[in-house]
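See structure below.
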Amino acid sequence: MAIAFLTHADCLKHEMGAWHPERPERLSAIEDQLIASGIGQFLARHDAPLATDEQLARVHPLEYVHAIRHIYVDGSPHPEGPIEWWMGDSRARWEGDALVVSVGHFNADTWFDRAGNFHSEEMQLTERFSFVDRDTINYEVTVTDPKVFTRPWKMSMLLYRRKEANVQLLEHSCYAFDGVAVGTRPGDKIAR
């Protein structure tokens, strides 16, 4: 009897935070428990193959790798269009204690979710970020897209400050198992 244990040494470099199921400490703990249980002698260790771009694209949209959203708060208007950007163009202003962000100039190539709910290049977002208390922000967005929806619609959610000791907000970068950022290798295919 053999139990397959597929992993790769580079998985131990895939640090995504304490909540992530593939964090290095958890992968090490799983292997330690297998060895401690006596099953270790039956483990068939195999290096996991390198993920292809197609495989990575199933779990991480490649067009968002290293995407940075700029929100201009200098009072400048949206540029003349039509311009079709993946993340749109964001311009913000203060209304009392709320930061109000107008986002336009999207392309029609993204979806709201994996179920396929879509929008057109005419989508406009109005986002409102307002403090509920010192540790909570109310986020509200109004979606307007006359090509897709019969009327504007809203959604909102609360965003909470992380208060754990030594918490760090880290940039999310997705790396292939060869340690090179996805989207930067010569053969990477990224939707444009």
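The values are calculated or read from the model by the stated rules, or taken from the named source; none is laboratory data. These figures come from a predicted structure and were not determined experimentally. Cβ placement follows ideal geometry from the backbone for every residue including glycine, while neighbour counts extend to all protein chains displayed.
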Evaluation of Gly88 against (1) small (Gly, Ala, Ser); (2) closer than 24 Å to Asp74 by Cβ; (3) surrounded by fewer than 16 Cβ atoms within 10 Å (Cβ to Cβ) (one fails), failing number: (3)
Residue among Glu121, Glu25, Glu15, Glu63 that is surrounded by 15 or more Cβ atoms within 10 Å (Cβ to Cβ) and at pLDDT below 80: Glu63
Given (1) exposed (fewer than 15 other Cβ atoms within 10 Å of the Cβ); (2) at pLDDT below 75, index of the condition Tyr139 fails: (2)
Scope segment 107-166; condition free of Cβ contacts under 8 Å to residues at least 24 places away in the same chain, within 19 Å of the chain's Cα centre (by Cα) and part of a loop (DSSP other than H, G, I, E, B); matching residues: Asn107, Phe112, Asp113, Arg114, Ala115, Gly116, Asn117, Arg162
